[in-house]
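Any read-out appearing in this document is the output of simple, stated calculations on the displayed coordinates, not a laboratory observation. Predicted model, so just to flag it, every value in this text is computed and none were measured. Glycine also receives a Cβ, built like all others from the backbone with ideal geometry; neighbour counts cover every protein chain displayed.
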Amino acid sequence: MKWRRRWPEEIGVCSFCNFNGWWLGFVFELDLSRYMQREMGDVGRQRWGFLGLGLLGGGDGVFGCWDVFGFAWQWLWSFWIRWRSGFGFDLEKQQQKQRKQQTLQLSVACEPPPPPSLRQAIEVISSLISLSHSIKVFIVKWQLIRNKLEELNSGLIAVENCDDSHSCGESLALSSLIASILVTVKECYDLARICMDLSYSGKLLMQSDLDVLSTKLDRHVKNLSGISSAGVFSQGFAIVVSKPGLNASKDDMRFYIKDLLTRLKIGDTEMKRQALVNLHEVLAAEDDKYVKLIVVEVTEIVNILVNFLDSQDTEIQQESAKVVSVISGFDLYKSVLIGAGVIGPLIRILESENDFGKESAAKSLQNLTENSDNAWSVSAHGGVTALLKICSIVEYRGELIGPACGVLRNLVSVEEIKRFMVEEGAISSFIKLSRSKDEDVQINSIEFIQNIASGDESIRQIVIKEGGIHAVVRVLDPKSSFSSKAREIALRAIEKLCFSSLNAINILMNCGFMDQLLYFLRKGEVSIQELALKVAFRLCGASENTKKAMGDAGFMPEFVRFLDAKSFDVREMAAGALSSLLSIPRNRKRFVQDDRNIGFVLQLLDQEETNSGNKKFLLSILMSLTSCNSARRKIANSGYLKNIEKLADSEASSDAKRLVRKLSRNRFRIMLSGIWHS
């Protein structure tokens, strides 16, 4: 304000030159009105202007006496200064006020800017994700960038949900990361606009820029994960998302899975463990809806699970192995696990000290090796040796040994791996395991013995030498408490192992197998009866001695009973086994002694609904009986002979015609014999 600097000079000049009071009052009024107009507007100028005019009249007398009463004017001057300061005209005070304002502005300017907003970053990234769907060029690269943006956004949302403001909101590392993320997001937004407008200068250059952007986003994700692993976010401060109900929408399911993904990525150890527990619960309780969601849509979870298999924390390792074992049970998604490199970490768990983790790892490998294409991968990582070691330690629980046996059973289909197992003494180990009280271990060990000996006579002889037949027959003891499933497996193993050599059959007969087989034909469940009939059919063709023994044991009535079974295969096997036994004279004689046997066969042949296949079997039985005189007479004297003749005339069946010719020759002999004796 220039008038403030001129004011003392003007007063001094007036005093020195002895100007009259009128001039001094005019100057005072003019300057005062200017100041009040600036500070208070036109109203201030009018009010304070009257004060100046009043002084204009009285000033002439006052200042005219300046030289006479000079000593008094000093007192008047000080009074004037005090009066001005009372109305806010103190220049020094105004200058101090200005200095304070300048200092305040400088301090504000020197303060660091407020930290970037976490909510702002989330909103900008969400908007950018939506924008990226509109881009029609470089689709693959933008899909990769979009996935990384979604991953980053989910992590930031989890940070926002953290209630611990001291560790989350005030973290310098987090604030710095958010600022860096916003810079990268701005670059991404600029590139997105360029791609949408097709204004890029060259494809190669744009591809390079997108690759650089993808690398930056990936680095941000890793940095955010690093901050979380330092213990910034914990289970105690996380907002709990409830599990969706049974009829939940796909969006709710996806939201729940993504929340678990966030916890797996940025949570502390306890949060990750609980997330794995919740993930296992929904996968085990539901059908493949959640598994499909994880593998197809939220694919990142699979890679995280595979990484967790190598975790130093045994609980994290164990829980992740459980989740992997559930996913491996679905055939459609096994290739995803294999592609993520799950074989190596699973085998490393088998070699570790985590027994509970071993169980889930073995189950996963059992599921994954059902396809022999994965066998070499297991062998390449040392899995065969690790599994054989587990199977040789009897102290392990059945929950571990059972699936370990199952993995090795699946691997024997590869010839080189099978030879390696034999050299390592696997056969003797598995014969011991077949005597286990644990059913799962028992079943898998018997199946292993069956598979490793199938099609290889040298290995089959090793199994017989090591006592494999005795171990399997033991399971068929009717007095034992073994389940039907275990007995079915044992019958299949006997069929594969024991009919290639007479020595094996003799061992089988000496083990009391004949009585066990007959017991299951009579009283076994339907599935076991069919397997027992199949084994009996194979046993009938072994030797003459076995046929005689089976006839003496009472197998023929059981075969007759199966001739009327619903299953075509069962009828075929029963007829074939009966025909084979009737080739022995004493068996035919025993069969004919019961009149019901021949009558039942003729009755089945006469039934209109009897199909051609069943007729063939029945005719073969009757042909076998024609070798016995008493049987021929019973057939010829029965009321079914005319039906057999009609069958021979109506069908081009060689069996029926042969049967009629044989019966006719027998009738002619009977007539001649009667004439001769008469």
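If you average 1/r over every pair of different alpha-carbon atoms in the stretch 377-530 and take one over that average, what Kirkwood value in Å do you get?
Details: mean 1/r = 0.0634 Å⁻¹.
Hydrodynamic radius (Kirkwood, Cα pairs) of the stretch 377-530 is 15.8 Å.
Percent relative contact order of the stretch 278-398, based on C-alpha pairs within less than 8 angstrom and at least six residues apart? Don't skip to the end; give the middle numbers.
On the way: 113 pairs, mean separation 27.2, N = 121.
Worked out over the stretch 278-398, it gives 22 percent.
In nm, to one decimal, how far is the modelled label at residue 394 from the one at residue 139, with both set 7 Å along Cα→Cβ? According to this spin-label approximation, the distance is 6.3 nm. Taking a ≥ b ≥ c as the square roots of the Cα gyration tensor eigenvalues, with a/c under 1.5 meaning rounded and otherwise prolate when a/b beats b/c, else oblate, which class fits the stretch 248-288? Judged from the Cα gyration tensor, the stretch 248-288 comes out oblate (a/c at least 1.5, b/c at or above a/b).
Quote the FRET efficiency, to the nearest 0.05, computed for residue 284 versus residue 180 with a Förster distance R0 of 45 Å and r equal to the Cβ-Cβ distance. Before the final figure, lay out the partial values.
Values: r = 40 Å, r/R0 = 0.90.
Step by step, r from the Cβ atoms, then E = 0.65.
Charged neighbours of residue 351, selected by a Cβ distance under 10 Å, balance to +2 (K, R count +1; D, E count -1).
With a/c under 1.5 counting as rounded, go ahead and sort the stretch 473-517 into rounded, prolate or oblate using the C-alpha gyration tensor (a ≥ b ≥ c being the square roots of the eigenvalues; past the cut-off, prolate if a/b is larger than b/c, else oblate). Taking the square roots of the gyration eigenvalues as a ≥ b ≥ c, the stretch 473-517 is oblate.
Label-to-label distance, residue 222 versus residue 129, with points set 7 angstrom from Cα along the beta-carbon direction: 2.3 nm.
FRET efficiency for the pair residue 594 and residue 432, taken as 1/(1 + (r/R0)^6) with r the Cβ-Cβ distance and R0 = 35 Å, rounds to 0.15. Starting from the Cα gyration tensor of the stretch 232-352, take the square roots of the eigenvalues, sort them a ≥ b ≥ c, and report rounded, prolate or oblate (rounded when a/c is under 1.5, otherwise prolate if a/b is larger than b/c, else oblate). Because a/c hits 1.5 or more and a/b fails to exceed b/c, the stretch 232-352 counts as oblate.
Work out, step by step, the length gained on full extension between residue 461 and residue 502: first 0.36 nm times the residue separation, then minus their alpha carbon distance; give nm to one decimal.
Values: separation 41, 0.36 × 41 = 14.76 nm, distance 1.20 nm.
Extending this stretch completely gives an extra 13.6 nm.
Restricting the calculation to alpha carbons of the stretch 121-160 gives Rg and Dmax of 10.5, 33 angstrom.
Local charge for residue 320 was computed over the other residues whose Cβ lies under 12 Å away, with Lys and Arg +1 and Asp and Glu -1, and equals -1.
If you wrap the stretch 415-498 in the convex hull of its Cα atoms and look at it from every side, the mean projected area works out to 5.0 nm².
Alpha carbon centre of the stretch 461-527 versus the stretch 122-163: separation in Å? One Cα centre to the other: 63 Å.
Peptides 537-550, 130-143 ordered by packing proxy, namely the average of other Cβ atoms within 10 Å per residue, highest first: 537-550, 130-143.
Let me check I've understood the local charge: for residue 401, count other residues with C-beta under 14 angstrom from its C-beta, Lys and Arg +1, Asp and Glu -1. What total comes out?
Details: positive: 358, 363, 389, 397, 409, 432, 435, 437; negative: 355, 359, 395, 399, 438, 439, 440, 447.
Spelling it out: positives minus negatives among the neighbours equals 0.
Placing a pseudo-label 7 Å from each Cα along the Cα-to-Cβ vector at residue 642 and residue 246 gives an inter-label distance of 6.5 nm.
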